[in-house]
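Take a look at the structure set out below.
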Amino acid sequence: MQPLLRVENLVKHYAAGRSASLKDKLTALDGVSLSIPSGETLALVGESGSGKSTLALCIACLEPPTSGSIWFEGIDAAALGENQQCLLRPQIQLVFQDPASSLNPRWTALDIVSEPFLVQGRFTKPDRAVRALQLLDRVAIPRKMAARRADELSGGQKQRLAIARALALEPKLLILDEALSALDCSVQAQISNLLLDLQSSLGLTYLFITHDFAMAAHMADQIAVMYQGRIVESGPSEKILSSPNHEATRSLMAATPRFIETPGVLVHF
Amino acid sequence: MTQRRKFTRWLIVLVTLHGIIAAAGFFAPYDPVEQDRERPYFPPVHIHMMDTQGHFHLRPVFYPLRLRAGSFDQYEEDTATTVPLKFFQRGAAYRLLGIVPSHLHLFGATGARVYLLGSDAYGRDQLSRILYGGQVSLLAGLLGATVTLFLGALIGMAAGYFGGWRDELLMRIAELFLALPWLYLLFALRAFLPLAVSPLEAFLLVVIVIGMVGWARPARLVRGVVLSVKERDFVRAARGFGASDVYLLRRHILPETASVLLTQAAILVPQFVLAEMTLSFLGLGVPEPMSSWGNLLAALQQYNVLVSYWWMYLPALAIVPFFLGYLSLASALQQRTRPYKIEEKSSWSPS
Amino acid sequence: MRYFIRRALHAVFLLFGVSLLTFLFSALTPGNYFDEMRLNPQISPETVAALRSQYQLDRPLPVRYAHWLNAVAHGQLGFSFAYNNPVAPLLWARARNTLLLTITATLLAWLVALPLGVWSAASFGRAPDRVLSWTTATLLVVPDLVLALGLLILAVRTGWFPTGGLVSVGFDELSVSHKLRDIALHMTLPVVSLVLATLPMLVRHVRASVADVLDAPFLRAAAGHGIPQRKLLYRYALRAAANPLISLFGFSVGTLLSGSLLVEVVMSWPGLGPLLLESILARDLYVVIGGVLLSMLFLVGGSLFADILLYLADPRIRTAASAK
């Protein structure tokens, strides 16, 4: 049974500074490979600057990779032309870290959630509103907030809204790029549980990007550790957490305040 | 006072002022081109509530002027005839807003000409000329500002959204335009175009010239907004749903530029009205017999007018309430976008 | 240092661009100086043609531009058709008059604006500030054309000031002190007009910059040390607020030649402004180009000057530049 997503040797260079040539380049991804079976969650852990967000953008077809392939349900997304990529994009949706910037603050919640329908030209206007309200229900945003502007919502509500919007086009893969990192602890707990519920009820596959090992442990079946544009360690969650091999993994674990590594025993605060 | 209330208050003031000018036919007692060679350079009449016999009149009266005995240009009041000022008078025909024909004027008099603000060399009523002239000057300013903002927004969006060499090129050209002193540019542009044209053509030329002088600053400001909005995640997200460039520009980026454009409009319109006045004053703008505030002032270039006929200066003051209204409006708008900055240098920037 | 070289080069490019633009523009527009002549039946077409070829107006544009560039390299700016004189001395004579006016007005404006602005900022929100703000707002609302004309009428009606020109009739017979007095009298109205036009914005900017700085902790510390108010304001606050003001000063310097055009025309002051207007109307090409270029030189020089001043005045910029 082939995995939903398989990334092979993805490389991404950015031209650094003012020169448009690739001579002075910044290598964001240096040959990344990973795979996620359908219905599972892979947590991608790494510090800032390790290339996690770049990977997210490439997989979501928002940035073209320099080389490598992205197999989604057996199709190489990286090799597709612009038009065909547009057809593929709805199936891979991205939830960003900062909802203040990922939601247009002047738009109402209803408009934001129905935007995907609008852009794709699906459904009539009343239909869009109905479906949008249903999405709001699913992420537990009270219907009376639907007419409120995005900047009037709390951080947790905004992120729920972002998730609801991401679900609008019924994607198979949801990439959560540090989606919980900007939230308070209690809100984080609520939303991570929401995500787990949605996964089981909708059969979603998650690529969960984070720098927080505790969160990774809570959410994911598999963990991959990223360092300087490469995957340095990957495997099932328990294995990584109990016996981390790579130095980067260990330092990341040590940096997670709620997580203390004791030989053989995981102590979770 | 809150920013919103200030904005509303000045908006009402401006709308009222513009309304008066737009309804010039109603407020003006006479047709602006109507000459009366018997009454050149009449000073403004004095309106009295009480006549020389000590009677109080509910309706204001004035005395017609006649030449003082033994003088060529000194006038005095002819107290023998008392002429009442009538309101809602039937007078010369005109078309309100160019469409609705009407004969109704706010005030007028029979038997003598009431020159509230004096008359000019041909006996034309200055008040009427100022009101009608306002239509021309204000329209030139408004249209010019529209042209400039349209150009500026288009160029700014193109430069900001597409980036690359297009951006570089457009911004270099903008820099060139910004570096030139605008008055010189205005004169040069206008003067290098054909000078002896019909009033309508002259008006259009003035609008085009004014519009082309000022696009650089709005373009830079719009470009700035576009650059910052372009990178926002909600634009990325929309692209993730398959949005096209046009959609993004129209639904996400353009609304963000609205506040910048509005503020620029409030700053540019009075400047452009002034530009039209300056051009017409120097003979480069709207020619006679069309009146504009600028060419009304052109009479002041003659020394004798300057010395003896002070009321010919009054058209200059007509623009002052508009400046007040627009600048206050601009200040109210800027307070919303930058609540902590005391000064906004966008109207006059060193760089 | 490299930064300045880059800016200087940039300035030279700008000047080139403007001269090219002006040349192109004049070529594209209908009409030239000799059109007027052609209409005159007394002058034969052959004479006109001969004059045109004498002034090389019949040569193609790139040739003319090249010739002109060559002339500029030799310090000449072309020839004026209307005045039948080389352009450079003509411009220089007029520019001198303009500078007399604008330098006086600029210095005066700044000398008045600085203390007023500082005072306004120091008494922020209280009576003196409110009065000053109200006054500047009123002045701002009156455009310079209106102001200049108004002053002119005032002069005429009171007879206190002469209403035009640089000097009175019979100037040459006056003694030196009377000559100076005469010029000063003629200068008064235009200078007042210019000062009133620029003062409000200057005061506002000074007030804004100083007010921004007055909140800073270091000033409170200094006050706590017992430093007297005036010294605090001028030696400490103004110094700290200097950066935007220096840029503004550079801008003032830049507009020394171009800012007084309208006032000069209205008040009949024989400066660069009326000359340019005349030449534009008469299509006296080389005068226009020379005049525009001279003004641009000042504009560009002004901003370079401001940058140099900033560099010298602010140690942060010095270190940042040398770190590059």
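The values are calculated or read from the model by the stated rules, or taken from the named source; none is laboratory data. Being a predicted model, the structure only gives us computed values, none of them experimental. Here the Cβ positions follow ideal geometry from the backbone for every residue, glycine too, while neighbour counts run over all protein chains shown.
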Would you say B:LEU274 is facing another protein chain (nearest Cβ under 10 Å), among the hydrophobic types (A, V, I, L, M, F, W, C) and in a helix (DSSP H, G or I)? yes
Quick count over segment B:97-141, residues being among the basic types (Lys, Arg) and more than 17 Å from B:MET277 (Cβ to Cβ), is 2
Filtering segment B:148-189 down to residues that are more than 14 Å from chain C (Cβ to nearest Cβ) and either more than 27 Å from B:HIS252 (Cα to Cα) or hydrophobic (A, V, I, L, M, F, W, C) (or both) yields B:LEU149, B:PHE150, B:LEU151, B:ALA153, B:LEU154, B:ILE155, B:MET157, B:ALA158, B:ALA159, B:PHE162, B:TRP165, B:LEU170
Looking only at residues that are of a type in the set (Gly, Ala, Ser) and either out of contact with any Phe, Trp or Tyr (no Cβ under 6 Å at 6 or more places or on another chain) or not in a helix (DSSP H, G or I) (or both) in segment B:1-48, which one is farthest from B:ALA330 (Cα to Cα)? B:ALA28
Residues being of a type in the set (Gly, Ala, Ser) and more than 14 Å from chain B (Cβ to nearest Cβ) - total across segment C:165-217: 6
Give the residues of segment B:49-99 that are part of a strand (DSSP E or B) and of a type in the set (Val, Ile, Thr), sorted by residue number. B:VAL61, B:VAL83
Six or more apart or on different chains, Cβ atoms under 7 Å: show the pairs whose first residue is in segment B:232-244 and closer than 14 Å to B:GLU256 by Cβ and more than 7 Å from chain A (Cβ to nearest Cβ) and whose second is of a type outside the set (Gly, Ala, Ser) and crowded, with 20+ Cβ neighbours inside 10 Å. B:VAL235/B:VAL229; B:VAL235/B:LEU248; B:VAL235/B:HIS252
Report, by residue number, each residue of segment B:227-237 that is out of contact with any Lys or Arg (no Cβ under 8 Å at 6 or more places or on another chain) and either charged (D, E, K, R) or surrounded by 17 or more Cβ atoms within 10 Å (Cβ to Cβ) (or both). B:VAL229, B:LYS230, B:GLU231, B:ARG232, B:ASP233, B:PHE234, B:VAL235, B:ARG236
Which number in (1) surrounded by fewer than 24 Cβ atoms within 10 Å (Cβ to Cβ); (2) at pLDDT below 90; (3) more than 14 Å from chain B (Cβ to nearest Cβ) marks the one condition that A:ILE240 misses? (1)
If only one of C:VAL300, C:VAL265, C:VAL292, C:VAL287 is under 24 Å from B:PHE177 (Cβ atoms) and either more than 10 Å from chain B (Cβ to nearest Cβ) or over 23 Å from the mean Cα position of the chain (by Cα) (or both), which one is it? C:VAL287
Flag for B:VAL61 being modelled with pLDDT of 75 or more, within 17 Å of B:LEU116 (Cβ to Cβ) and more than 32 Å from the chain's Cα centre (by Cα): yes
So, in segment B:279-318, exactly how many residues are aromatic (Phe, Trp, Tyr), touching a residue at least 60 places away in the same chain (Cβ under 8 Å) and buried (at least 21 other Cβ atoms within 10 Å of the Cβ)? 2
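Yes/no per residue for (1) closer than 20 Å to A:LEU252 by Cβ; (2) within 14 Å of chain B (Cβ to nearest Cβ):
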| residue | (1), (2) |
| --- | --- |
| A:PRO142 | no, no |
| A:ARG165 | no, yes |
| A:ALA189 | no, no |
| A:SER192 | yes, no |
| A:LEU204 | no, no |
| A:ASP221 | yes, no |
With more than 11 Å from chain B (Cβ to nearest Cβ) and among the acidic types (Asp, Glu) as the only criterion, which of C:ASP307, C:ASP314 stands out? C:ASP314
Give the residue, chosen from A:ALA146, A:ALA162, A:ALA189, A:ALA140, that is in a helix (DSSP H, G or I), more than 19 Å from the chain's Cα centre (by Cα) and at pLDDT 85 or above. A:ALA146
What are the residues in segment C:173-202 that are hydrophobic (A, V, I, L, M, F, W, C) and over 16 Å from C:TRP110 (Cβ atoms), if any? C:LEU174, C:VAL176, C:LEU180, C:ILE183, C:ALA184, C:LEU185, C:MET187, C:LEU189
From C:PRO115, C:PRO143, which residue is surrounded by fewer than 17 Cβ atoms within 10 Å (Cβ to Cβ) and either free of Cβ contacts under 8 Å to residues at least 24 places away in the same chain or within 13 Å of chain B (Cβ to nearest Cβ) (or both)? C:PRO115
B:GLN35 versus (1) in contact (Cβ under 8 Å) with a residue 24 or more places away in the chain; (2) in contact with a strand residue (DSSP E or B) (Cβ under 7 Å, 6 or more places away or on another chain): which is the lone unmet condition? (2)
Would you mind stating whether C:ALA208 is touching an Asp or Glu at 6+ places or on another chain (Cβ under 9 Å) and crowded, with 19+ Cβ neighbours inside 10 Å? yes
Among the residues listed as C:LEU232, C:LEU219, C:LEU310, C:LEU248, the single one being in contact (Cβ under 8 Å) with a residue 24 or more places away in the chain, surrounded by fewer than 21 Cβ atoms within 10 Å (Cβ to Cβ) and farther than 30 Å from C:ALA82 by Cα: C:LEU310
Looking at segment A:101-116, which of its residues are within 9 Å of chain B (Cβ to nearest Cβ), in a helix (DSSP H, G or I), in contact (Cβ under 8 Å) with a residue 40 or more places away in the chain and more than 18 Å from A:LYS52 (Cα to Cα)? A:ILE112, A:GLU115, A:PRO116
From the list B:LEU96, B:LEU116, B:LEU67, B:LEU131, which residue is over 27 Å from B:HIS55 (Cβ atoms), of a type outside the set (S, T, N, Q) and out of contact with any Gly (no Cβ under 7 Å at 6 or more places or on another chain)? B:LEU131
Quickly run through segment B:190-231 and pick out the residues that are within 12 Å of another protein chain (Cβ to nearest Cβ), over 23 Å from the mean Cα position of the chain (by Cα) and among the charged types (D, E, K, R). B:GLU231
Has segment B:319-333 got at least one residue that is of a type outside the set (Ser, Thr, Tyr), part of a loop (DSSP other than H, G, I, E, B) and within 9 Å of another protein chain (Cβ to nearest Cβ)? no
